[in-house]
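See structure below.
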Amino acid sequence: MDFRKAYRDHALYIRCFWSVFIGATIGVVVLFYYTSIGGLGTMPTFDELENPRTDLAARIIAADGVQLGTIFRANQNRTSISYKEIPQHVIDALVATEDIRFYEHSGVDVRGTLRAVCFMGTKGGASTLTQQLAKQLFTGGSKSFLKRMQQKLKEWVIAIRLERQYTKNEIIAMYLNKYDFLYQAIGINSASRIYFGKKTEALLVEEAAVLVGMLKSATIYNPRRNPKGALQRRNVVLAQMAKYGYITPQVKDSLQQLPIQLHFTKEGYTSGSATYVRKYIKTWVEDWIKKHPKGYDAVGKPILYDIYGDGLKINVTIDARMQRYAEGAVKKHLSNLQQHFNGQEQYNPTAPYRGINDQQINAIVESAMRSSERWRVLRKKGVAEDEIRASFDQKVRMQVFSWNGVKDTLMTPIDSIRYYHQFLHAGLLSIASETGAIKAWVGGIDYKYFKYDHVSQAKRQVGSTFKPFVYATAIDQLKLSPCHQEPKSKVTIPVGRHGVSGSDWTPTNTDNDYKGTMTLKKALATSVNTVTARLMDKIGPTTIIRLAKRMGVRSEIAPVASICLGTEALSLSEMVGAYSTFVNKGVYTEPMLISSIEDKNGTLLYQHMVSQRDVLSKESAYTTLNLMEGVTKFGSGKRLRTHAKGMHTAVTGYPYQFTNPIAGKTGTTQNHSDGWFIGMVPNLITGVWVGATHRATHFRDISEGQGATMALPIWALYMQQCYQDTALGISDQVFESPTEYTTVIDCEQYQQQQTTDNEFIF
């Protein structure tokens, strides 16, 4: 045996090994250096590593702390959560499943990488949590093998840099805040709300395991799309937690037997609670942002807040519980009322319209057609008008709204217009009297299908709900008491008197009764038109308009005599805001919705300042309020307290059996197109409007087409829920009268006293 040759061969092998090893090491070092300086593509700068761009959705927070919704850029519905807010079992599940040596490595797990290379990934991957975060923040994904290898190198470099820049806790928080769980659930905070209807800190162990299981693939292991796969993956996570001692085997076994119980709630602009008010809030904040920049650049250009990405916190006065009760009341009553309306329409040859000719019907349909999304899109594509019209007569598959859920159907677009015009809509606004804080806002029946807001946008004839303005003006100007009497006989108000424009006007009473006299209290309670007109004749429309404006009515009102009966179109928000003056002792308080705005760090950017002004004397406000108490005692609103017979019972479910003091006013417009009710208790004013999109769609008679039947039941259902929730503190006490109030309000006692005095004299 040639020992010298063997020694030389051995030395050669050693030299080759070390040459290869050193060369490989130098190559790796050079490759990493080359990658770090951007040789394989742009690398994040120090500033980008220190402040990685992560869009944070604006959060809308209700007065009771509930998150009503978010305002976010497409696929960026992220609300940040700090490490200390993440439950320990979420962190345990994450580390046990995704990176058990997370606290040991410095961004790259060498052992895991060698294992993945040696076993070709069959015994687990090599990506650490930090590498996964680097991928989310800066590299993304690719189907190309070569590009994916390049991205891997970049992820290693970025991961090491991230480990130097952030603590382990910060990396975990960043990772969980960044991950896309699908269904607009960006980050674990959004995912907790959307999948389980709770905050992250309230997640149970088995729920946390579901979300951690989705980190491997939010598509494959999604509990909504693939319940079976999600269950299996959750159990793997629980097994990993038991394997590494985070939970006991007994706990693992018991939790693995549980089903996944989702409380899935979409978070989008067309779903969830308070959709209409959230849209209004978004518009309001966008307008505020334009007027209040956060700074200016070098050339003086304003730097604006990003409503979609700056993580603004918008605090609003809405109470989530009251909002839920309001939406429930609208749904419960209108779904029932719609059935009765549809029953009448079966015998209506021009359904869903009444009292108009074919030419007027065609004009309504034409207007709806031209304002539709279909018309806009086709017009933008340059399609000829004749072709667009023809497309409205071609049947297409579509999903349409119904009170029994979304309905799949085959229908022409022109028929869908008529279909949607048959629906009754509603608006509800509830305001705290003293502060003006808006507690509930329901703009319609379904924002996805009907985006027109009947609280802030719609203006409809207000009917008899305008009469309290007339009575308040007369009481304030002429010092009248509720027991003052006026003849019921007809009266004509000539054009020109008190500046009245238009033409001579002679109103009629609904019951055609014009005999005798009536107290103001009973006249308002029973909505006697001629008495209201006589008050108008004494004070003139301009004085009433001036008062209404002082009470917050912004719309223009023509000085015609008929305004005393509510012929003007006003918004629900104007009416409810104005009525609050009566409860608030003659002081108008501007309604408040957005109480404050904060940035993501909690710095206050906006604070609402209460705006008030004296409008009526305390005595006049209280006297008018007392008149409206009569409405619910023996007038058109008495069904709040008593049983109503006949069809009304079937439609609305009377009685409601309220026993506490309630002031209010119903309103019904011509042809029964609009139904109103505004009701007040000492600390809450709530107004409701009900009607169809077009006034030509209405009930055939007054029995169902009046405010007391259309709108009042929604108020009653809502208030029943509010009173049952005693934590809300809704008052059931009497309205506070001014100190030393001397006006006579008990008219029966007053009349008896008058009779006694007359007998004594004679």
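The values are calculated or read from the model by the stated rules, or taken from the named source; none is laboratory data. Being a predicted model, the structure only gives us computed values, none of them experimental. No Cβ is skipped: glycine too gets one built from the backbone with ideal geometry, and neighbour counts run over all protein chains shown. These accessible areas exclude ligands, DNA and RNA; they are computed on the full protein's heavy atoms, side chains included. Shrake-Rupley method; radii C 1.70, N 1.55, O 1.52, S 1.80 Å.
Considering only residues that are more than 27 Å from the chain's Cα centre (by Cα) and closer than 29 Å to Ala432 by Cβ, look in segment 553-562 and name the one that is surrounded by the most Cβ atoms within 10 Å (Cβ to Cβ). Step by step, filter segment 553-562, then rank; the result is Ile557. Looking at Ile281, Ile303, Ile314, just one residue is within 30 Å of Tyr420 (Cβ to Cβ) and β-branched (Val, Ile, Thr), and that residue is Ile281.
Residues that are of a type in the set (D, E, K, R) and farther than 30 Å from Leu728 by Cα: find the helices (runs of 4 or more DSSP H) completely inside segment 304-413 holding 2 or more of those. Give the steps one after another, and end with the answer.
On the way: elements: 320-345, 358-370, 373-380, 385-391.
Filter on segment 304-413 gives 358-370, 373-380, 385-391.
When segment 321-356 is examined, which residues are found to be open to solvent by 50 Å² or more (accessible area, probe 1.4 Å) and basic (Lys, Arg)?
We begin by selecting, within segment 321-356, every residue open to solvent by 50 Å² or more (accessible area, probe 1.4 Å); these are 321, 324, 327, 331-332, 339, 342, 346-347, 349, 355.
Within segment 321-356, Arg321, Arg324, Lys331, Lys332 qualify.
Every condition in (1) farther than 16 Å from Gly187 by Cβ; (2) open to solvent by less than 90 Å² (accessible area, probe 1.4 Å); (3) modelled with pLDDT of 75 or more holds for Ser80 except the one numbered (1). Please indicate, with yes or no, whether at least one residue in segment 357-365 is touching a His at 6+ places or on another chain (Cβ under 9 Å) and surrounded by 13 or more Cβ atoms within 10 Å (Cβ to Cβ). Scanning segment 357-365, I find at least one residue that is touching a His at 6+ places or on another chain (Cβ under 9 Å) and surrounded by 13 or more Cβ atoms within 10 Å (Cβ to Cβ), so the answer is yes. Of all residues in segment 426-462, those being under 20 Å from Gln706 (Cα atoms), in contact with a Leu (Cβ under 8 Å, 6 or more places away or on another chain) and among the small types (Gly, Ala, Ser) number 3. Look at (1) outside any loop (DSSP other than H, G, I, E, B); (2) hydrophobic (A, V, I, L, M, F, W, C); (3) in contact (Cβ under 8 Å) with a residue 24 or more places away in the chain and you find that Ile289 fails only one, number (3).
Can you pull out the residues in segment 417-455 that are at pLDDT 95 or above and among the small types (Gly, Ala, Ser)? Passing the criteria: Ala426, Gly427, Ser430, Ala432, Gly436, Ala437, Ala440, Gly443, Gly444. Taking each residue of segment 88-110 that is over 15 Å from Thr167 (Cα atoms) and in a loop (DSSP other than H, G, I, E, B) and looking for partners that are open to solvent by 10 Å² or more (accessible area, probe 1.4 Å) and of a type in the set (Lys, Arg) with beta-carbon atoms closer than 7 Å, six or more apart or interchain, yields Asp109/Arg101.
Can we say Ser573 is in a loop (DSSP other than H, G, I, E, B), hydroxyl-bearing (Ser, Thr, Tyr) and open to solvent by less than 30 Å² (accessible area, probe 1.4 Å)? Break it down stepwise before answering.
On the way: in a loop (DSSP other than H, G, I, E, B): no; hydroxyl-bearing (Ser, Thr, Tyr): yes; open to solvent by less than 30 Å² (accessible area, probe 1.4 Å): yes.
In short, no.
For segment 189-214, enumerate the residues that are under 14 Å from Val237 (Cβ atoms) and open to solvent by 10 Å² or more (accessible area, probe 1.4 Å). It would help to see each step written out before you state the result.
Filtering segment 189-214 for residues under 14 Å from Val237 (Cβ atoms) gives 203-214.
Leu204, Val205, Glu206, Glu207, listed by residue number.
Take Thr652 and tell me if it is touching a Lys or Arg at 6+ places or on another chain (Cβ under 8 Å) and modelled with pLDDT under 90.
Considered against the rule, which asks whether it is touching a Lys or Arg at 6+ places or on another chain (Cβ under 8 Å) and modelled with pLDDT under 90, Thr652 comes out as yes.
Among residues of segment 229-242 that are over 15 Å from Ile91 (Cα atoms), those with a Cβ under 6 angstrom from a residue that is open to solvent by 10 Å² or more (accessible area, probe 1.4 Å) and among the aromatic types (Phe, Trp, Tyr), sequence gap 6+ or separate chain, pair up as Gly229/Tyr221; Ala230/Tyr221; Arg233/Tyr221.
When you scan segment 393-402, do you find a residue that is closer than 30 Å to Val583 by Cβ, aliphatic (A, V, I, L, M) and open to solvent by less than 60 Å² (accessible area, probe 1.4 Å), even just one? Even if it seems obvious, please write down each step before you answer.
Residues of segment 393-402 that are closer than 30 Å to Val583 by Cβ, as a first pass: none.
The answer is no, given that none of the residues of segment 393-402 is closer than 30 Å to Val583 by Cβ, aliphatic (A, V, I, L, M) and open to solvent by less than 60 Å² (accessible area, probe 1.4 Å).
Could you say whether any residue in segment 251-268 is more than 33 Å from the chain's Cα centre (by Cα), in a loop (DSSP other than H, G, I, E, B) and farther than 28 Å from Ala440 by Cβ? The answer is yes, given that some residue of segment 251-268 is more than 33 Å from the chain's Cα centre (by Cα), in a loop (DSSP other than H, G, I, E, B) and farther than 28 Å from Ala440 by Cβ.
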